[in-house]
Amino acid sequence: MFKIVRKNILGPEIVQMEIEAKNIAPVAKPGQFVILIVHEKGERIPLTIADRDNDLITIVFQVVGKTTTLLAKLAEGDFLCNVVGPLGNPTDIETFGRVICVGGGIGIAPVYPIARALKKKGNEVISIIGYRSKDYVFWEEKIRSASHRVIVTTNDGSYGFKGFVTDALKEMLNEHIDRVFTIGPTIMMREVSKLTKERNIKTVASLNSLMVCGMGMCGTCRVRVGGETKFTCFDGPDFDGHLVDFDELIKRLDTYKEEERISLETLRKEIQI
Amino acid sequence: MKLIKEQIPMKEQPPEVRKKNFEEVPLGYTKEEAILEASRCIQCPVHPCVSGCPVHVDIPAFIKAIKEDKLQSAIDIMNETNLLPGVTGRICPQEDQCQALCVVGKVGDPVSIGRLERYIADWEFNKNQGKKRVSISKIDPTGRSVALIGSGPASLSCSVDLVKMGYSATIFEAFHKGGGVLTYGIPEFRLPKRIVNYEICFLQELGVSFVFDFLVGRTATIEDLFKRGFSAVFIGSGAGAPQFMRIEGENLDGIYSANEYLTRVNLMKAFKFPEFDTPIKKGKRVAVIGGGNVAMDAARTSLRMGAEHVYLIYRRSRNEMPARVEEVVHAEEEGIEFMLLTNPVKYIGDEKGFVKQVECLRMTLGEEDASGRKRPVPIEGSEFRIDIDQAIVAIGTLPNPIISITTPGLSIGRQGEILADADGNTSIKGVFAGGDIVTGSATVITAMGAGRTAAASIDRYLKEGS
Ligand SMILES: Cc1cc2nc3c(=O)[nH]c(=O)nc-3n(C[C@H](O)[C@H](O)[C@H](O)COP(=O)(O)OP(=O)(O)OC[C@H]3O[C@@H](n4cnc5c(N)ncnc54)[C@H](O)[C@@H]3O)c2cc1C
Ligand SMILES: Cc1cc2nc3c(=O)[nH]c(=O)nc-3n(C[C@H](O)[C@H](O)[C@H](O)COP(=O)(O)OP(=O)(O)OC[C@H]3O[C@@H](n4cnc5c(N)ncnc54)[C@H](O)[C@@H]3O)c2cc1C
Ligand code: SF4
Ligand code: SF4
Ligand code: FES
């Protein structure tokens, strides 16, 4: 179970893995995620199912702390302790008309299955994908195959348009748009939602709160949406971006900043010895 | 022989020591102590104690065996009705159940049935060095298989009976470890995890299969389970969805549901961070909201995590506290500060979003409500604030709705509980349910009782098709 069948390095600190998950792959839908554990003493971390094929699920992750560092160290043929899923509600895919998918950084991977499903359902799909710089570009071809039009941005202009996804989005919003989907850093999703709110275009944001259980029994993932507390893992992860209290989410994501630092430093020391 | 009026006390770690470690608090009886306590049972012919026990353990018989030092037969008697004496002996609310009705209780302390139960369970554990061998004789397999959802006490007890009847039983558990609340909720110092593991290993040896990381409703629906060839399904998914008070500031950093707090500590071993990866905040001034077993567990855990002040904030008075008496006494001895007739109304945070104060109202008790408990009424203008850096909300849990929303045709009650009759039948043929998912938060022994009842119903259903 949970064998790492393929591993690719997509860019600096960006890793793609295909994992054997017989119970999960056949039923996973766009927008859903898994929670996995890397080793016996490990924590449970959520990662989106970015693609699937027969018995395999694809995850794409960025190395940011201890768990993703350990995960990135595993090789093809290694096994994960635990993978549970698919978790969360699938993204609501209907025929909306003209839609924009806005992905930033690692969030571009989970955008892919959503864009593909939207296209298949007959929508006109415009994807705006933003990377830090040229070196970080990944899955551009996949996104192109899943969209009618693609705009690539980089912060430093080393590839595609110079600027943030929101700069590109601002221009696109002059056209008639029926719906916007956004996945990426929380601040980016907040800014996207602000822009679309001004024009009253319904926007779906896929939230990335902290999680432990992933099944609605701990409340770690709670977020405020329209003044009400919701559980991201159970009620989401997709929510109406115009109603999400992103600032609260940003603060909650920082709860364990100090502990995360200790974790990573301890690991680095262990690896050196 | 003259009746000893007082219970033989069980040695405990002293409060000053134990509040700094996660080791078990009561240390168990010696053989002499157990025999002495067993001899306090007068073997009364009506033995009302038995009817106080939800699964009707043959209490006089097992106590008699202890008195005669026939411990194997004591265990055998016990296992006829109760599979987990090491668990129930430790955490059953005995004072409301078996011991409440003991006749010796009329002239002195009731017989300490729970401690004797624990004694024989520990004896067996030590004898087997933590690895029980299968001793039951299985009847011929029927070739039919049953799926059980959740690995808490309800499913555990149901699965054993099914296996004994010749069915194959597969438990699907969403978490990566088995035991339900016994594993993720109840702390080590009250229920050592080695006991739970011991029982789960035993079940595996009996032939019960465990599939972890499988969330029914998402990984597969109940309908899918039938398609996969299971002939019946038992739902023992518990009541694990935490409730919050929905007051201002409740999502500040440092505010946990008791489930989150206890799961991090017990299941994920955050008390050993950074050796284990899951982090937890170590509050110095902790407010725990609630008055039940869960609140006591959270409060005593946070003390062990290094808190200097733990305030237990409960809106009614001590008489109405639903927690077991032993837990309340232990909590008090360890220095938990009880703030009774007090109710939080909002939390105040610092600029980084961490909780720094809780504002409370003082309460008074008014008329009795539907549950027969006096209703707490706020005293106007009595607001006051306490400085805290962590809060743990333990005001109850509700059934997790994942199964009910993904199972068309399953009848659900007002609180989200699955409706099942006394035999465990739900509104869907071949689907049974028991434990907290049916009753709402209750006790380990009632969940086990429900599991056994359902096993008998499943057997009838598979034999007769009704
Ligand atoms: C539903 C869901 C889907 C996700 N999908 C993906 C995915 O497909 N690919 C991917 O790379 N990541 C994804 N994430 C985020 C991922 O779970 C975290 O990056 C991971 O838990 C970090 O673990 P760590 O131990 O390596 O780092 P930590 O030590 O936990 O954290 C290191 C740094 O990352 C930040 N961080 C921690 N958790 C999160 C989080 N949940 N979101 C954003 N930043 C965080 C911390 O603030 C800190 O700065 C998803 C999160 C959710 C809730
Ligand atoms: C902190 C705490 C302290 C307690 N103290 C006591 C005490 O002292 N004495 C006492 O008698 N009782 C106590 N209780 C109550 C007791 O633990 C419960 O009544 C009992 O565990 C209920 O058993 P159960 O089998 O119904 O469910 P649970 O023990 O809740 O187990 C349910 C299991 O099902 C799993 N699950 C849920 N949904 C799904 C799904 N869709 N798919 C797969 N798996 C799923 C869950 O992960 C869980 O493991 C306490 C409870 C708590 C939380
Ligand atoms: S199972 Fe619980 S109620 Fe029954 S005899 Fe044992 S301690 Fe008493
Ligand atoms: S009621 Fe008390 S004295 Fe009578 S059999 Fe039960 S434990 Fe013994
Ligand atoms: S992660 Fe536990 S409730 Fe969402």
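Ordering B:GLY229, B:ALA169, B:ALA299 by Cα displacement along the dipole of region B:155-303 toward the positive end leaves B:ALA299 in first place; charges were set at the Cβ atoms of Lys, Arg (+1) and Asp, Glu (-1). In region B:325-466, taking the dipole from charged Cβ atoms about the Cα centre, the farthest positive-side position among B:ALA422, B:THR407, B:ILE392 is held by B:THR407.
B:PHE338 sits among other residues whose Cβ lies under 9 Å from its own Cβ, and their net charge, with Lys and Arg +1 and Asp and Glu -1, is -1. Across region B:28-34, coupling constants 3J(HN,Hα) worked out from phi with the 6.51/-1.76/1.60 Karplus curve, θ = phi - 60°, read x, 8, 7, 4, 4, 4, 5 Hz, and Gly and Pro carry x. Applying 1/(1 + (r/R0)^6) with R0 = 30 Å to the Cβ-Cβ distance of A:GLU94 and A:GLU141 gives a FRET efficiency near 0.70.
So what's region B:300-443 giving for Cα Rg divided by 2.2 N^0.38 Å, two decimals? Don't skip to the end; give the middle numbers.
On the way: Rg = 19.6 Å, N = 144, 2.2 N^0.38 = 14.5 Å.
Normalised Cα radius of gyration, region B:300-443: 1.35.
At an R0 of 30 angstrom, the distance between the Cβ atoms of B:VAL211 and B:ILE348 translates into a FRET efficiency of 0.10.
When the Kirkwood hydrodynamic radius is evaluated over all pairs of different C-alpha atoms of region A:138-273, what value in angstrom, to one decimal, is obtained?
Averaging 1/r across every pair of different Cα atoms and inverting gives 17.1 Å.
Extension gain, A:ILE250 to A:LYS41: 0.36 nm times the residue separation minus the Cα-Cα distance gives 72.5 nm. Each eigenvalue of the Cα gyration tensor of region B:148-258, multiplied by 5 and square-rooted, gives one semi-axis; in descending order these are 29, 19, 10 Å.
May I ask which of A:LYS66/A:LYS269; A:LYS7/A:LYS162; A:LYS119/A:LYS230; B:LYS20/B:LYS269; B:LYS31/B:LYS164; B:LYS70/B:LYS164 have a Cα-Cα span longer than 22 Å here? Result: A:LYS7/A:LYS162; A:LYS119/A:LYS230; B:LYS31/B:LYS164; B:LYS70/B:LYS164 exceed 22 Å. Taking 7 Å steps out from each Cα toward its Cβ at B:ALA456 and B:ALA100 produces label points 2.2 nm apart.
With the charge dipole of region B:242-397 set up from +1 on Lys and Arg Cβ and -1 on Asp and Glu Cβ about the Cα centre, the Cα lying farthest toward the positive end among the listed residues B:THR278, B:TYR311, B:LEU340 is that of B:THR278. Label sites at A:LEU243 and B:LYS31, each approximated as a point 7 angstrom past Cα along Cα to Cβ, lie 6.7 nm apart.
Working from label points 7 Å from Cα in the Cα-to-Cβ sense, the A:GLU270 to B:ASP69 distance is 4.9 nm. A straight chain from A:HIS148 to A:ASN200 at 0.36 nm per residue would run longer than the Cα-Cα distance by 16.4 nm. Taking all Cα pairs closer than 8 Å and separated by 6 or more residues, the relative contact order of chain B comes to 16 percent.
Applying 0.36 nm per residue to the separation of A:GLU228 and A:ALA75 and subtracting their alpha-carbon distance, the gain on full extension is 50.8 nm. Each DSSP beta bridge with both residues in the protein assembly as shown is either parallel or antiparallel, and the antiparallel ones are about 50%. The antiparallel fraction among DSSP beta bridges confined to region B:242-397 stands at about 50%.
Once the Kirkwood radius over Cα pairs is known for the protein assembly as shown, the Stokes-Einstein relation at 25 °C and 0.890 mPa s delivers a diffusion coefficient of 89 µm²/s. Distances over 21 Å make up what percent of all Cα-Cα pairs in region B:146-210? For region B:146-210, the fraction of Cα-Cα distances above 21 Å is 18 percent. Taking the alpha carbon gyration tensor of chain B, multiplying each eigenvalue by 5 and rooting it gives semi-axes of 35, 30, 21 Å, largest first.
Please get the size of the charge dipole for the protein assembly as shown, origin at its Cα centre, with Cβ charges of +1 on Lys and Arg and -1 on Asp and Glu, quoted in debye to the nearest 20.
So the dipole magnitude of the protein assembly as shown works out to roughly 780 debye.
With the helix formula -39500 (n - 2.57) applied to DSSP H stretches of n ≥ 4, chain A reaches a computed 222 nm mean residue ellipticity of -8000 deg cm²/dmol. Net charge in the neighbourhood of B:PHE384 (other residues with Cβ under 10 Å of its Cβ; Lys, Arg +1, Asp, Glu -1) is 0.
Helices in chain B, meaning DSSP H runs of at least 4 residues, each add -39500 (n - 2.57). Divided by all residues, the mean residue ellipticity at 222 nm is -9000 deg cm²/dmol.
Legend: calculated FRET efficiency, B:ARG375 to B:ASN128, from the Cβ-Cβ distance at R0 = 51 Å, rounded to 0.05, equals 0.50.
Where a number appears in this text, it was derived from the coordinates with a stated rule and is not lab data. As the structure is a prediction and not an experimental result, all values here were calculated from the model. As a convention, Cβ positions derive from the backbone with ideal geometry for all residues, glycine included, and neighbour counts pool all protein chains shown.
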